[in-house]
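Structure record follows, encoded as structure tokens.
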4 protein chains.
Amino acid sequence: MQATHTQKLAASELESFYSSVRDYTERICAPLEAEDYVPQPIADVSPAKWNIAHTTWFFEEMILKRFALDYREFNPQFGFLFNSYYNSVGTRTLRHKRGDLARPTVSEVFAYRKYVDGKMREFLEQKLSDQQRELVVLGLNHEQQHQELLLTDLKYTFSCNPTFPVYNAENILEEIGEIEPEGWAQIAGGIHEIGFQGDGFHFDNELGRHKVFLNDFAISKSLITNNDFIEFIRDGGYGNHLLWHAEGFDWVNQNEINAPLYWHECDGEWLNFTLGGLRPVKLDAAVCHVSFYEAAAFAEWRKMRLPTEFEWEAASDKFNWGLRWEWTNSAYLPYPNFTKPAGAVGEYNGKFMINQMVLRGASVATPPDHSRKTYRNFFHPHLRWQFTGIRLAK
Amino acid sequence: MQATHTQKLAASELESFYSSVRDYTERICAPLEAEDYVPQPIADVSPAKWNIAHTTWFFEEMILKRFALDYREFNPQFGFLFNSYYNSVGTRTLRHKRGDLARPTVSEVFAYRKYVDGKMREFLEQKLSDQQRELVVLGLNHEQQHQELLLTDLKYTFSCNPTFPVYNAENILEEIGEIEPEGWAQIAGGIHEIGFQGDGFHFDNELGRHKVFLNDFAISKSLITNNDFIEFIRDGGYGNHLLWHAEGFDWVNQNEINAPLYWHECDGEWLNFTLGGLRPVKLDAAVCHVSFYEAAAFAEWRKMRLPTEFEWEAASDKFNWGLRWEWTNSAYLPYPNFTKPAGAVGEYNGKFMINQMVLRGASVATPPDHSRKTYRNFFHPHLRWQFTGIRLAK
Amino acid sequence: MQATHTQKLAASELESFYSSVRDYTERICAPLEAEDYVPQPIADVSPAKWNIAHTTWFFEEMILKRFALDYREFNPQFGFLFNSYYNSVGTRTLRHKRGDLARPTVSEVFAYRKYVDGKMREFLEQKLSDQQRELVVLGLNHEQQHQELLLTDLKYTFSCNPTFPVYNAENILEEIGEIEPEGWAQIAGGIHEIGFQGDGFHFDNELGRHKVFLNDFAISKSLITNNDFIEFIRDGGYGNHLLWHAEGFDWVNQNEINAPLYWHECDGEWLNFTLGGLRPVKLDAAVCHVSFYEAAAFAEWRKMRLPTEFEWEAASDKFNWGLRWEWTNSAYLPYPNFTKPAGAVGEYNGKFMINQMVLRGASVATPPDHSRKTYRNFFHPHLRWQFTGIRLAK
Amino acid sequence: MQATHTQKLAASELESFYSSVRDYTERICAPLEAEDYVPQPIADVSPAKWNIAHTTWFFEEMILKRFALDYREFNPQFGFLFNSYYNSVGTRTLRHKRGDLARPTVSEVFAYRKYVDGKMREFLEQKLSDQQRELVVLGLNHEQQHQELLLTDLKYTFSCNPTFPVYNAENILEEIGEIEPEGWAQIAGGIHEIGFQGDGFHFDNELGRHKVFLNDFAISKSLITNNDFIEFIRDGGYGNHLLWHAEGFDWVNQNEINAPLYWHECDGEWLNFTLGGLRPVKLDAAVCHVSFYEAAAFAEWRKMRLPTEFEWEAASDKFNWGLRWEWTNSAYLPYPNFTKPAGAVGEYNGKFMINQMVLRGASVATPPDHSRKTYRNFFHPHLRWQFTGIRLAK
């Protein structure tokens, strides 16, 4: 959720990018029933209906209403309903109340998408300024972020249902994995350059590119597996306060946490609720849905540590990534010379730079080509409904 | 939500009663979209899907599974999902989590209704014992209670939506009224008999019939109107602590209450969210959606009082009722010789006899022929999403 | 906490009553250290300092400031600090914040008492109007109520301390008991007169005296003992939902209640925290510190019921009472013709007549001569820090 | 709250250090009444009684019980009462329940201090190991931290009292200031060494000393004044969401924050509750009691930023510090090669390294000689009961 800079796509490339992103959202929705779009079981988890309307609203609010001649809003009330957190663009539905909205119906929301898509395609045929092109690309990256949220939010909602609904029985995202290299990458200390460089799309929080001094360090080429994590559980890891941040241990005890999210112990076996339904935990898959607190406690238990985001970026050519968002031990803070864009899009990143930890990489739920090695994802340390995992350093 | 006793309907009458009640539920649902069945904005307000599945579950659980030969459950998980509060019949979904359930879909729930209706019709063709007939009648009265809840819950859910959806634009329940007689009925004191008497259906809380001694009293023949209540507001009624119960005044201040539920002041005019959408307050209609606290404060402001439930019953032949559930100043407590039926149906009423106030009468949302002058409805004193109103005594 | 009516004490009797009540408060305080006067572990439990200052404030605010010539307030800030809930007499410290007040010190509060006592004695030497005399008597009855609260609040505060402080090791209030008669009193039904009659002091809620019709009933001459209650526990009473009000069973589960307040199970033995410290439960003493929910569930387990307050009053000549406040199954509501006194003292009782249950009798902590058979005490059904017990009816 | 390393004090110096620190605590307590030691208005603010007992408990638990021959505990219950958060040393009173403890009395706690002081002085006369000497020094630094808390907690407690008690009318800490230099210090970028170096006392979180790369930057030589902050208020700073972190703006709105803690606007003038009572805001004093959120919003309003902790340390020779703890824009995280000491003292720092921001410097309430330029203080970003202020960078 961030701001873009320069972008050198040809007009036809931009149209094609627009179509491919918008289509991908609809493909994600294909298996859903109308009722699936409505619930919001916790404030962090938005209804599918909200996700697909909000990404459409972005194009309407940030582009069509500002730049498209004679544009008529599809429905003036939708601005209020589907604004997320842009205080600069008027009032909005309280975040935790999104699940109360029976109306507009799913059909109406798809009609809204179709209307906006038609207007956007007309708009994209015109000669655009650099700023306009950047906003379109930003909107598409924004929608890609919500494509991942569509899946993670839907998984959470389905997990609350005692009937354990199946989203897709064929292709179990949580179990997709490439064979990962084993062993440790040794990285020499000294000054490293960190942050985005080049002409492509990036978010504002990846700038300014700057120097950091790193000591020598080693980073694992592979992620922690479910099997590794079961060892931690069996060794009493959740009960040993010495392994945990104080707030993490409180979180464990207040929420009676004893395993990653979505794990259920039945008759001595660990089952895992996946987008393919409830299934046995696949031991050699990368552990998933752990909080920062759990990742840090696991590292402490192994007498190692999590990498910083700078170490991760400096070493990222040495290992395959993309299966899990990887918790780092870096707080989400501005880089030197970070500046906010003017206007509403400037509300993207800076205002979240407190109390959150950086995750690097990408997950099996991230749309293709959306991430890169300078990409900075961030969540509060107790959250784990994203596809989050663990890589160790020492 | 209560237990039945004797019932003398012929077999064909029972079948006809069954059909008419079950059909009426579906007629209430006719204007709804699939999405409308899902949200639960507050714990008290169940999703429509839950209401219609729960009433069906009652017939399956209490009758078909016990008495119908070779009955096969439609779906064993539904017992868990659609049980309400019967601890004697196993675990159940937490009440405030009903809105998280995307599945089963509305179509599946209607298929469940159809399946159970088919089995019930076969069952009703058999020779039934008195107990079985009573349970069927109880189930139908139970469904009638949920018919009223379907409307009141749906109204609440729609009221949370900034687009103010319309359920039915033709026939505005809140504004239906018959011309009421004016003036006061004078009732002579002495011993009065209170409670149900006769052969017809009644709930356990209407028994035992017993004597009470009443002083002379007068009770109004008409209900308080919206116009009357606006005078209370204009006179600063919500701000004058001397009129309120201490807990009521806290409730007013903590929730910033300044009008009946669903009222909005726009440019000096009072608007009212109704099942027909947002409309000007109709001044001569009976005030609706007030809490016990508001009813009691209004009475105090008028230097009168609310009747007790005994006074109401003793005087009920003297006035028309049925527009609003009428708050009494009686706490919901057992009559002398009240006894609980054995088994799960005995969980109906006794366990709610604390911290609730009795309402008498019926409302415009109550199904035809569902209420009677001995009927005891009850809610907590701060609740007002039912069609509740005010009748004064002195 | 209520208003008085007529009172026929001679002047010297009034002075003597004043002295004896005020002295008794100080005798209750004799064993306390300065620190004991400060904490407020829960909102319901006021600090001792607050209790003794508040009863003094009543005389200053309601009598001296209105009727004593040239009276100068001891400290104008005390009105704000030690007002309890009289909205008519200005703003006040939030009830749950009373424990934050280090100042005024205990010495200053006793100086305040001494100052007011001096002025009151001067005032009592004058010729007083009936209203003035009534206010003095009301203030003294009010102080007697706070004398009981001083003990019950102090007991609660001490019970939160892992060192289990001892208030008085000699005379264990909880274990004081007279030999109670056994068996059942049979009371004939018909019309009974209920409410205060006569010239003596009484609170407004004891009026108007009125007729009630009662069926025949039997009421136990003795209270339920600790031993009786242990049987209920052993029989799984706290786990059997069929015995409980729904809200009571929620209260049990949310608060993990498994015994009366102040009971601790150590190595299979029940210990009881008393004003004399931690001691074994005395089996033949009347059970104490049970909520209405527990009293009602116990009665249900015995297949009996609690008496109504009318039954209790009608039968009260047939048994000894005074050991425990006895929960009745009557909600706290106004009697017919109940009227509030004008002015601030009218804020006493009417505004509490919702969501509370009536207790009758008196407890071992009630000051001598403070109660009578028409006295109506009242608390919320989950509260149990008062000396509350159980008498059954059938 | 941290661990020590090496320390080269002669035996007599250690005794003298011990005496001076312990005496200083008692001097802070000199103006207090017994009642002042008891309240705990919010969980973060401990009672004075707890602070002075806890620091004593540290010497008993960590030194005397482990190393002093034949040491007999003063009172075995005190370990439970006065342990703070050392899970390794048994159970403890819940943090937010410390204000419920009337007993032990203040006299008993001072007797405890005296007893431990006697035993400690005997202990210090012996030949100590390096580890033992380090623990003594650690305990004294720990007590110095609580000396500052004694003042800040007492100030908060007094501020809750409508009578505005005065701790010390002579010497108003909040207004003590040296004349600060004006202007900006320019610091050249490049590699800087950060962290403690040398033989003196330091906490574990100041290690390991390590290199960081900094860009060129400028840092103000002076702190933001009350006058500066009033300009921010007048310019609508608290209402302009663009200046704030999202969580900070929520905090402002939920808590209705419109000025630094302890400020009251009366008749258009800003008053400030100080340890000397309620006084007009001194315009040229450094602003105090602001949260990180307020500090960051103020910096944004000035179109500048807060320094990082590394910039602060690198520049700290260029300006006077010591008036206010200064918020940095660095999250509290471990330095490279940070290691926890073994055992209970290892519970000091590492476990707090999440969701807190680093403050550098010292405040007017910090004991003399307690801080140094590598000292890392840390609090959650919404807290402001410490003497916190603002220094800007650009």
At 7 Å out from Cα toward Cβ: B:Q186 inter-copy label distances (nm, ascending) | 4.4, 10.1, 10.9
Quick one: grab the alpha carbon gyration tensor of chain B, order the square roots of its eigenvalues as a ≥ b ≥ c, and give me rounded if a/c is under 1.5, else prolate or oblate depending on whether a/b is larger than b/c.
-> oblate
Of C:S19, C:S371, C:S46, which is the most mobile in a GNM of chain C whose springs link Cα atoms less than 10 angstrom apart?
-> C:S19
Looking at chain B, send over the antiparallel percent of its DSSP beta bridges, to the nearest 5.
-> 95
Nonlocal amide H pairs with A:F378, under 5 Å, H built at 1.01 Å = A:L359
Within the range D:21-65, the residues whose backbone N lies under 19 Å from a label point placed 7 Å from the Cα of D:I176 along the Cα-to-Cβ direction are D:21-32
Within the range D:251-317, DSSP-loop GluC sites (Glu not before Pro) with at most 12 other C-beta atoms within 10 Å are D:E256
Grab the range C:4-159 and count how many Lys pairs have their alpha-carbon atoms under 25 Å apart, sequence gap of 8 or more, or different chains.
-> 14
Placing a label point 7 Å from Cα toward Cβ, how far apart in nm is B:S19 from its equivalents in the other copies, listed shortest first to one decimal?
-> 5.6, 9.0, 10.4
Share of accessible surface on carbon and sulfur in chain B, whole %, 1.4 Å probe and ligands ignored, is 48
Relative contact order %, chain D, counting alpha carbon pairs below 8 Å whose residues are six or more apart = 21
FRET efficiency (B:S20, A:E26; Cβ distance; R0 56 Å; to 0.05) is 0.80
DSSP-loop trypsin sites (Lys or Arg not before Pro) across the range D:114-202, with at most 15 other Cβ within 10 angstrom = D:K127
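Can you give me the accessible area per residue for chain D, using a 1.4 Å probe, in Å²?
38
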Hey, got the average number of other protein chain Cβ atoms within 10 angstrom for residues in C:123-130?
-> 0
Using alpha-carbon positions, what is the distance between the centroids of the range A:135-171 and the range C:278-333, in Å?
-> 58
Mind ordering C:217-224, C:385-392, D:142-149 by average Cβ neighbours within 10 Å, highest first?
-> C:385-392, D:142-149, C:217-224
In debye, nearest 20, what is the charge dipole magnitude of the range C:202-275 about its Cα centre with +1 on Lys and Arg Cβ and -1 on Asp and Glu Cβ, if you could check?
-> 420
Between the modelled labels at A:N227 and D:N240 (7 Å from Cα along Cα→Cβ) the distance in nm is 5.9
In peptide B:349-362, what is the residue-averaged number of other protein chain Cβ atoms found within 10 Å of each Cβ?
-> 4
Can you put A:E247, D:E60 in order of accessible area, largest first, using a 1.4 Å probe?
-> A:E247, D:E60
Estimated buried accessible area (total), pair A and D, 1.4 Å, Å² to nearest 100 = 2600
Residue closest to axis [chain A; rotation mapping onto D; Cβ; Å] = A:A331, 2
What shape does the protein assembly as shown take by its C-alpha gyration tensor, where a ≥ b ≥ c are the square roots of the eigenvalues and a/c under 1.5 counts as rounded, a/b above b/c as prolate, and the rest as oblate?
-> oblate
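Provide C:W184, A:W327 ordered by accessible surface of protein heavy atoms (probe 1.4 Å), highest first.
Descending order: C:W184, A:W327.
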Rounded to one decimal in nm, the spacing of the 7 Å Cα→Cβ label points at A:L383 and B:K318 is 6.4
At a Förster radius of 41 Å, what calculated FRET efficiency corresponds to the Cβ-Cβ distance of D:F164 and D:F80, to the nearest 0.05?
-> 0.70
Extending each Cα 7 Å along its Cβ direction at D:D70 and D:A342, get the distance between those two points in nm, one decimal.
-> 3.0
The size of the Cβ-based charge dipole (Lys, Arg +1; Asp, Glu -1) of the range B:222-364 about the Cα centre, to the nearest 20 debye, is 400
Could you size up the charge dipole of chain B around its Cα centre, putting +1 on the beta carbon of Lys and Arg and -1 on that of Asp and Glu, and report it in debye to the nearest 20?
-> 940
Shape call for the range D:176-389, from the Cα gyration tensor axes a ≥ b ≥ c (a/c under 1.5 means rounded, otherwise prolate when a/b beats b/c, else oblate), comes out prolate
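Looking only at other chains, what is the average number of their beta-carbon atoms within 10 angstrom of each beta-carbon in C:291-303?
Values: counts 0, 1, 1, 0, 0, 3, 0, 0, 0, 3, 0, 0, 0.
Mean partner-chain Cβ count within 10 Å for C:291-303: 1.
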On the full set of protein chains, 1.4 Å probe, figure out the accessible area of D:C266 and give it in Å² to the nearest 10.
-> 50
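The values are calculated or read from the model by the stated rules, or taken from the named source; none is laboratory data. All values reported here derive from a predicted model rather than from experimental measurement. All Cβ positions, glycine included, derive from the backbone under ideal geometry; neighbour counts span all protein chains shown. When the accessible area is computed, the model is the full protein with side chains, heavy atoms only, and any ligands, DNA or RNA have been set aside. Shrake-Rupley method; radii C 1.70, N 1.55, O 1.52, S 1.80 Å.
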